[in-house]
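Everything on this sheet refers to the single structure shown next.
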Amino acid sequence: MKSPLIGITANALLEGLKESGRRGDVENAVPQAYVDAVEDAGGTPVLIPLVRNPSTAHRILESLDGLLLSGGGDIDPALYGEEPDPNLKVVDVEKDKLEKELIARALAKNYPLLGICRGMQILNVVAGGTLIQDIPSTARSSIQHLQRATAPVPIHRITLKKGSHLQKIAGQASLRVNSYHHQAVKKIAPGFEITATAPDGIVEGIESRRHRFVLGVQFHPEMMFREFPVFKKIFQKLVQEAAAKHAH
Ligand code: MN
């Protein structure tokens, strides 16, 4: 069987835009760790650039077997009907718009999908959920979700829902994960369920009930897959589902 094509959404590096004010001066970027994690799991990583037209986004998706929504900046709260919190960071409405197109189409076509960090959050928003805009100022939490420890170090525990994709992948009831977020899922999208939570109740994993494999994780498995086999298994599952896509 051919190695499945896994599209990874790019982030816009906005430095060029800040200098010139021209959208054409942003750079499309994906951290190497995502590329490595997909390749290591047997998939063929393909970068999805920030195309402007929905039809182009749909055409790209058509050529893929699976979708990986990468981490990145904050999501425009207007997408879930809220005004910006004072602690909201930079938003990129162009990227939000593209990912909305990709996700809506991927869900409609039952694509295997993995959302990581921001990727999980935008997945929840596009599917009809909402976000906590800033954990430290708006949620009562005694846990550090924006860790100061370096990347491959798991910083807090999460509890996994029995029978969920994540629990079956992990083969255990809880995990220690890294944490690089100040936003989180607030209201879960219809048709989705919370499948992982931190001890303070912050949502760390969501899954669709209506799709074969649609998983979002709040932590960054791509930063830890070399050190901990459990995180490698998440990418292997995505690749496996993508490879099986045409058989269904
Ligand atoms: Mn966390």
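The values are calculated or read from the model by the stated rules, or taken from the named source; none is laboratory data. Keep in mind the model is a prediction, meaning the values are calculated, not measured. All Cβ positions, glycine included, derive from the backbone under ideal geometry; neighbour counts span all protein chains shown.
For region 45-59, does any single residue satisfy the condition of being surrounded by fewer than 16 Cβ atoms within 10 Å (Cβ to Cβ) and of a type in the set (V, I, T)? Yes, some residue in region 45-59 is surrounded by fewer than 16 Cβ atoms within 10 Å (Cβ to Cβ) and of a type in the set (V, I, T). Among all residues of region 102-109, there is at least one that is part of a loop (DSSP other than H, G, I, E, B), of a type outside the set (D, E) and modelled with pLDDT of 95 or more. Summed over region 171-181, residues that are surrounded by fewer than 18 Cβ atoms within 10 Å (Cβ to Cβ) and either of a type outside the set (G, A, S) or closer than 16 Å to P221 by Cα (or both) total 5. For region 57-69, check the following and say yes or no: at least one residue is farther than 15 Å from I8 by Cα and at pLDDT 95 or above. The answer is no; no qualifying residue exists.
Pairs linking a residue in region 178-202 that is within 14 Å of the ligand (Cβ to nearest atom) to a residue that is among the acidic types (D, E), with Cβ atoms under 8 Å and 6 or more positions apart or on different chains, are H182/D134; Q183/D74; Q183/D134; A196/E204; T197/E204; A198/E204.
Those strands (runs of 3 or more DSSP E) of region 156-248 in which 2 or more residues are of a type outside the set (A, V, I, L, M, F, W, C) occupy 156-160, 174-177, 192-197, 203-208.
Within region 66-93, if we keep just the residues that are touching a strand residue (DSSP E or B) at 6+ places or on another chain (Cβ under 7 Å) and acidic (D, E), the residue that is surrounded by the fewest Cβ atoms within 10 Å (Cβ to Cβ) turns out to be D76. When each of K233, K245, K168 is tested for being touching a helix residue (DSSP H, G or I) at 6+ places or on another chain (Cβ under 6 Å) and surrounded by fewer than 21 Cβ atoms within 10 Å (Cβ to Cβ), the lone residue that passes is K233.
Cβ-Cβ distances below 6 Å connect the following pairs, each with a first residue in region 145-158 that is within 12 Å of V177 (Cβ to Cβ) and in contact (Cβ under 8 Å) with a residue 12 or more places away in the chain, a second residue that is within 8 Å of the ligand (Cβ to nearest atom) and among the hydroxyl-bearing types (S, T, Y), and a separation of six or more residues or different chains: H145/S179; Q147/S179; I155/S179; H156/S179. Of all residues in region 10-55, those being under 30 Å from P152 (Cβ atoms) and either modelled with pLDDT of 90 or more or under 22 Å from the mean Cα position of the chain (by Cα) (or both) number 30. Kindly evaluate A12 against the criterion of being assigned to a helix (DSSP H, G or I) and buried (at least 17 other Cβ atoms within 10 Å of the Cβ). So A12 fails the test.
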